[in-house]
């Protein structure tokens, strides 16, 4: 979701692991992405670079293994360590959104009954 290429009209290939998810998952994910646009809208780093920087900023994370399918993505993600630190105010706002599940009620449990046939 964090490469900025998905829309409500996105349909995943049969070989894509996300194909089993319901359409509501995609729509909720896009709404959440809109709520964090303060972190990347109008700024030089991409949302993918910021996501990697965020993960690598945690002392609990030793490495990140992003999925990339193009040379452009490889080049984009390789630039993540060189971007500026994420401002504390943005991290605090992101934390608030996360703790409130982005205003979307209780998170759905991860279990096979949530999967589309």
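The values are calculated or read from the model by the stated rules, or taken from the named source; none is laboratory data. Everything quoted here is computed from the prediction, not taken from an experiment. For neighbour counting, all protein chains shown are included, and Cβ atoms are generated from backbone atoms with ideal geometry for every residue, glycine included.
Anything in the range 62-90 that is in contact (Cβ under 8 Å) with a residue 24 or more places away in the chain, closer than 23 Å to residue 34 by Cα and in a helix (DSSP H, G or I)? List them, or say none.
Scanning the range 62-90 gives 73, 76, 77, 80, 90.
Scan the range 1-39 residue by residue and report those that are surrounded by 15 or more Cβ atoms within 10 Å (Cβ to Cβ), at pLDDT 90 or above and not in a helix (DSSP H, G or I).
Residue satisfying the conditions is 36 alone.
State yes or no: is residue 59 out of contact with any strand residue (DSSP E or B) (no Cβ under 7 Å at 6 or more places or on another chain), touching a residue at least 24 places away in the same chain (Cβ under 8 Å), farther than 19 Å from residue 104 by Cβ and assigned to a loop (DSSP other than H, G, I, E, B)?
So residue 59 does not fit the description; no.
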